[in-house]
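Participant: Please see the structure below; I have some questions.
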Amino acid sequence: MSYADIRFIENCRDILENGVWDTDQNVRPRWEDGTPAHTVKKFGIVNRYDLQKEFPILTIRRTYWKTAVKELLWIWQKKSNNIADLDARIWDSWADETGSIGKAYGYQLGVKHHYPEGDMDQVDRVLYDLKHNPASRRILTNIYNFQDLHEMHLYPCAYSMTFNVSGNKLNAILNQRSQDMLAANNWNVVQYAVLVHMMAQSSGLIPGELVHVIADAHIYDRHVPIIEKMLTQTPVEAPTFSVDPSVTDFYAFTPDSFKLEGYTPAPFEDKIPVAI
């Protein structure tokens, strides 16, 4: 069975059986009808995915991985904060009348910073160091910019990536302050697994481990029955992931540069309500 399924099932069972409910607190998120969106959570979940062994995608329900990749490219390639540049509707609830989500996500990655080697944004600095300073222990991005938080329509959830070259392998740590396990967990894992593949191929390396650190891993109250039903599904083997080997420029990757063969997820027809 897919290792991503194993970790997801173990995480969700742990949260449901041993987690802490916030029903005694005032919470910010609301359901569409205005009801407070409460959660049961675990603090400090860490999952490790060996990208040499398999691609970490769920089979107990479908992850719409092509749309996840589109969002990843919107943030990391286009460095955009406007939904007009995104071929998906996933950010509509946080965009203003101009389509902007404020100084969040892609905006932060695109800000230029001054270095001795010249002015670069965070993505270009990572690409530069992977090629010229692979032994560096300072190859990272961080979009949780405190001075701009008041101008972000949503504070970053997945906020930091740390890259580390070991031999010819590129490893990475994804730090996430908050994780909606049903709506976003595997979505983010898939995205940042793809990002490691992209960064590795652009730098003459091979993908190694993706370590996912989640501070607040939670299940919303209205998601509990959906999760419980998912946990009765039987996982199958992970599909085979491939990247077009001809693409070596990070900015030349497209959604069609990636393929999944043999992806046969279990049927899943439940609608997932999203707390805003």
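The values are calculated or read from the model by the stated rules, or taken from the named source; none is laboratory data. All values reported here derive from a predicted model rather than from experimental measurement. Counting neighbours? That spans all protein chains shown, and the Cβs are built from the backbone with ideal geometry, glycine included. Calculation scope for accessible area: heavy atoms of the full protein, side chains included, ligands and nucleic acids excluded. Shrake-Rupley method; radii C 1.70, N 1.55, O 1.52, S 1.80 Å.
Participant: Condition first: in a loop (DSSP other than H, G, I, E, B) and in contact with a strand residue (DSSP E or B) (Cβ under 6 Å, 6 or more places away or on another chain). Now tell me which residues in the range 23-67 satisfy that.
Facilitator: Within the range 23-67, V27, A37, L51, F55, P56 qualify.
Participant: Looking at the range 139-154 only, could you name the residues that are surrounded by 13 or more Cβ atoms within 10 Å (Cβ to Cβ) and either at pLDDT below 95 or within 18 Å of N175 (Cα to Cα) (or both)?
Facilitator: Across the range 139-154, the qualifying residues are I139, L140, T141, N142, I143, Y144, N145, L149, L154.
Participant: When you go through N26, N11, N18 one by one, which is the residue that is modelled with pLDDT of 95 or more and surrounded by 12 or more Cβ atoms within 10 Å (Cβ to Cβ)?
Facilitator: Among N26, N11, N18, only N11 is modelled with pLDDT of 95 or more and surrounded by 12 or more Cβ atoms within 10 Å (Cβ to Cβ).
Participant: Hey, another quick one. Restricting attention to the range 122-135, which residues are outside any loop (DSSP other than H, G, I, E, B) and open to solvent by 50 Å² or more (accessible area, probe 1.4 Å)?
Facilitator: Those that are outside any loop (DSSP other than H, G, I, E, B) and open to solvent by 50 Å² or more (accessible area, probe 1.4 Å): Y128, K131, H132.
Participant: Turning to a different aspect of this structure: I'd like to verify a number: residues in the range 217-276 that are farther than 28 Å from Q77 by Cβ, among the acidic types (D, E) and at pLDDT 95 or above, how many?
Facilitator: 3
Participant: So in the range 128-159, with the set limited to residues that are among the polar types (S, T, N, Q) and touching a helix residue (DSSP H, G or I) at 6+ places or on another chain (Cβ under 8 Å), which one is nearest to G204 (Cα to Cα)? Don't jump to the end; show me each part of the working.
Facilitator: So the first thing to find is which residues in the range 128-159 are among the polar types (S, T, N, Q), and the list is 133, 136, 141-142, 145, 147.
If we keep only those that are touching a helix residue (DSSP H, G or I) at 6+ places or on another chain (Cβ under 8 Å) too, we end up with 136, 141-142, 145.
Values: S136: 16, T141: 20, N142: 24, N145: 31 Å.
Once the filter is applied, the top-ranked residue is S136.
Participant: Being farther than 30 Å from F241 by Cα, touching a residue at least 24 places away in the same chain (Cβ under 8 Å) and in contact with a Pro (Cβ under 7 Å, 6 or more places away or on another chain), is that true of even one residue in the range 7-16?
Facilitator: Of all residues in the range 7-16, those farther than 30 Å from F241 by Cα come to 16.
Applying the additional criterion that residues be touching a residue at least 24 places away in the same chain (Cβ under 8 Å) yields 16.
After this cut, where a residue has to be in contact with a Pro (Cβ under 7 Å, 6 or more places away or on another chain) as well, the list is none.
No, there is no match, as no residue in the range 7-16 is farther than 30 Å from F241 by Cα, touching a residue at least 24 places away in the same chain (Cβ under 8 Å) and in contact with a Pro (Cβ under 7 Å, 6 or more places away or on another chain).
Participant: Among the residues of the range 52-61, is there at least one that is modelled with pLDDT of 95 or more, open to solvent by 10 Å² or more (accessible area, probe 1.4 Å) and under 16 Å from the mean Cα position of the chain (by Cα)?
Facilitator: No; the residues of the range 52-61 include none that is modelled with pLDDT of 95 or more, open to solvent by 10 Å² or more (accessible area, probe 1.4 Å) and under 16 Å from the mean Cα position of the chain (by Cα).
Participant: Before we move on, is R138 over 19 Å from the mean Cα position of the chain (by Cα), free of Cβ contacts under 8 Å to residues at least 24 places away in the same chain, at negative phi and in a loop (DSSP other than H, G, I, E, B)?
Facilitator: The answer is yes for R138.
Participant: Residue by residue through the range 89-119, note down the ones that are within 27 Å of Y64 (Cβ to Cβ), open to solvent by less than 70 Å² (accessible area, probe 1.4 Å), not in a loop (DSSP other than H, G, I, E, B) and not hydrophobic (A, V, I, L, M, F, W, C).
Facilitator: Once the filter is applied, which keeps residues that are within 27 Å of Y64 (Cβ to Cβ), open to solvent by less than 70 Å² (accessible area, probe 1.4 Å), not in a loop (DSSP other than H, G, I, E, B) and not hydrophobic (A, V, I, L, M, F, W, C), the range 89-119 yields D92, S100, G102, G106, Q108, G110.
Participant: Does the range 35-51 include one or more residues that are within 11 Å of A275 (Cα to Cα) and either under 19 Å from the mean Cα position of the chain (by Cα) or aliphatic (A, V, I, L, M) (or both)?
Facilitator: Looking for residues that are within 11 Å of A275 (Cα to Cα) and either under 19 Å from the mean Cα position of the chain (by Cα) or aliphatic (A, V, I, L, M) (or both), one finds at least one in the range 35-51, hence yes.
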